[in-house]
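Read-outs throughout are calculated quantities, based only on the coordinates presented, and are distinct from any laboratory measurement. In this text, all values refer to a predicted model and were calculated from it rather than measured experimentally. Glycine gets a Cβ as well: all are built from the backbone with ideal geometry, and neighbour counts include every protein chain shown.
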Amino acid sequence: MSDQYPQRILPKAALRRWLERLLVSHRLVGPVADTETVTSYRPVGPEPMLRLSGPRPTVSPKAHLLPQTETLFTFQGSGPALALTAAAPDATPTVVFGVRPCDARALRRLDDVFLGRTERDVHYENRRQATVLVGLACATPSWGCFCTSVGGSPAGTEGLDMLLTDLGDRYHVAVLTPPGEELAASAETVEATANDAEAVRAQHAEAAARMPPEFELEAALRNVRWEAPLWAQVAERCLACGVCSFLCPTCHCFDMQDEVTPDGGVRFRCWDTCQFSEFTQMGAGHNPRPTQTERARQRVSHKFKYLVEEFGRAGCTGCGRCVERCPVNIDIRAILREFAGEGQ
Amino acid sequence: MRALEQAVRDKARELLASGQVRQVLGYQTGSVPFRTAPAFIQAPEDVDRLVWNPFCTNNLAVYLPAAVRAGGRVAVVAKGCDARSIVTLIQEHQVPRERVVILGVPCTGMAETTRLAGADGSLHGIAVTWDGDGTLGLSDADGARSVTVQDVLQERCRLCEHNTPALADEMLGEAAPPMPGAAEPFAAVQALANRPVEERRAYWRAQVERCIRCYACRAACPACYCRTCFMDKAAPRWASKANTADESWMFHAGRAFHLAGRCVECGECERVCPMGIPISALNRMLDREVRERFGYRAGLDPESVPPLGTFRPEDPDPGGAEER
């Protein structure tokens, strides 16, 4: 935890007033209850009802940085008279509240992809720079969680601007960056005591202790390989839906579509996934990944081989959503355990 | 029901060892104690991987067309709902009758795993034991406790009217008693249908707005076997890939209409939906229409002709001139 900023305490009774103040200057996005068991990050209004307790939300906040559908440009006319109008980047000041450490790290992985190459993605960049991430330490792991196996922690701060820790009647507030400091200024906080600091340490340690690493990440990364017989075994069971990719906080592949009307049209991008057969389907009919075996290999290799080779970091932060929501119990932890065990 | 698990293994071993089938589709231990995973058994020595317990929730019929295309005969461990799906696949010529061996298991219902969670709402680290009958033993940070499967029954199982397979080549075990909600399978959808139309419109709009178009519902559905779904058709494109509530509504409504008179209410679509969309309510409404108007239930008789697969001049004309 950063010692650069003083540790603060926010009484829970003051949370509502803080959120209302943030709403004046920011778009506020937080975890809301869609159903009894489904929680999503959604924009909230003047009476924010946030679901801040329990395991991490069902859906990650990814869509607020990389929307599922996003217009890139519109066009009018045709031929020499064709006119393109680029979509204005969205730089609305935004606070994403209650971000779990796995999801904040995941946004760092998206930064690698969209900001870490020669070409920067202007839409992602604008949103990212306008967004402040208020984290919430995990006290309750969900059953698919494995952040500590991939270098994370239930109280990790990577990518966050501040981290809240629930201490019952109050939140401990750790400010981590200048934007976080600016945000914290509008909260009615008091200085944290030595007792508060101790309670936070104990809670973070307890949460981490509930999540022992499940596999040797380095060994798994060394052994993920093109010819593994495992791909066909995974594929046999895989139904080729997009649940794992669309819930994944680091999956970022998209399709681009033109929708044309007689007067013009629109080009947008939308989430896509290597698990769909049409993802690599060529116009002339050829498909370089003809079966689910190649598609299973692609998703795992992209996260645990290709991104590692390109950026030195795996494209997985152990949120476990793919584990829990796979209709046929394909468990990425078991796949990585198997690769990790191969070298021994 | 431990005897049932043994019966499944014995029959699988016999069918594989004698060469009567190439493969047995069943359930194996999952990665956590409250999930099973589909199993594809081809060698007699692997049959002991097969399990039977209150977590055998997947409808394995979804794998059958591809398994049969791969060659040989295929045996499937089938609950009542799975067997109905297989009947539908046979009727619709997706699976030749002689290529499938239905291993019928009388089903007393599957457990809703989310209802096993402790006070903190998490299943993390939970240990689950099953007494082989109707009781699950649970142990986690909150301590040890037990629940009956009936107490934590999945809603689709509670409403199931055909928990004993209607068609089986080998029936493993005695017929199971009727499920508690079987007498009133339409009570919940009727309550929804009784609401004013504007209220229903708003309700469904709010539901489909959550859809992320992952198509898990479609992928898990044994009746959704189109090689190219209308939603994926690229030339011409029938539906936009832009994820709007209108497009999602077209998908869910379109899928429901395609399933009218074919859906067997296995509820897999709703189980696998990550967003909690009550998809099977749509299917159940249409199932009721088909029952009332055509006196037909899907997936019970492979010799029957589904209402949407035929036409008779005297057929009712829902929404037609005489009803308007």
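The table for this structure:
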{"quantity": "DSSP-loop chymotrypsin sites (Phe, Trp or Tyr not before Pro) across the range B:255-324, with at most 12 other Cβ within 10 angstrom", "calculated": "B:F311"}
{"quantity": "Convex hull per residue volume in Å³, alpha carbons only, for the range B:19-118", "calculated": "101"}
{"quantity": "Chain A: relative contact order as a whole-number percent, Cα under 8 Å and 6+ apart", "calculated": "22"}
{"quantity": "Exposed-loop-free span, longest in chain A, where GluC sites (Glu not before Pro) count as exposed if DSSP calls them loop and at most 12 other C-beta atoms lie within 10 Å", "calculated": "A:228-344"}
{"quantity": "Simple spin-label estimate for B:C226 and A:C253 in nanometres, 7 Å along Cα-Cβ", "calculated": "2.3"}
{"quantity": "Chain B - mean residue ellipticity at 222 nm from DSSP helices (-39,500 (n - 2.57) per run, n ≥ 4, rounded to 500)", "calculated": "-9000 deg cm²/dmol"}
{"quantity": "Compactness index (Cα Rg / 2.2 N^0.38 Å), the range A:217-341", "calculated": "1.16"}
{"quantity": "Label-point gap, in nm, between B:A17 and B:D120 - each point 7 angstrom along Cα→Cβ", "calculated": "4.8"}
{"quantity": "Over chain B, relative contact order from alpha-carbon pairs under 8 Å, at least 6 apart, %", "calculated": "16"}
{"quantity": "P(r) histogram, all alpha-carbon pairs of the protein assembly as shown included - 20 Å bins from 0, percent", "calculated": "17, 49, 30, 4, 0"}
{"quantity": "Cα point-scatterer Debye curve for chain A, base-10 log of I(q)/I(0) at q = 0.06, 0.09, 0.12 Å⁻¹", "calculated": "-0.24, -0.54, -0.92"}
{"quantity": "Antiparallel bridge percentage (DSSP; both residues within the protein assembly as shown; nearest 5)", "calculated": "70"}
{"quantity": "Ranked list, fewest to most other Cβ atoms within 10 Å of each Cβ, for A:D161, B:D317, A:D255", "calculated": "B:D317, A:D255, A:D161"}
{"quantity": "Proxy reagent accessibility, fewest Cβ within 10 Å first, across B:V189, A:V243", "calculated": "B:V189, A:V243"}
{"quantity": "Principal semi-axes in Å for the range A:1-149 [√(5λ), Cα gyration tensor, largest first]", "calculated": "32, 19, 17"}
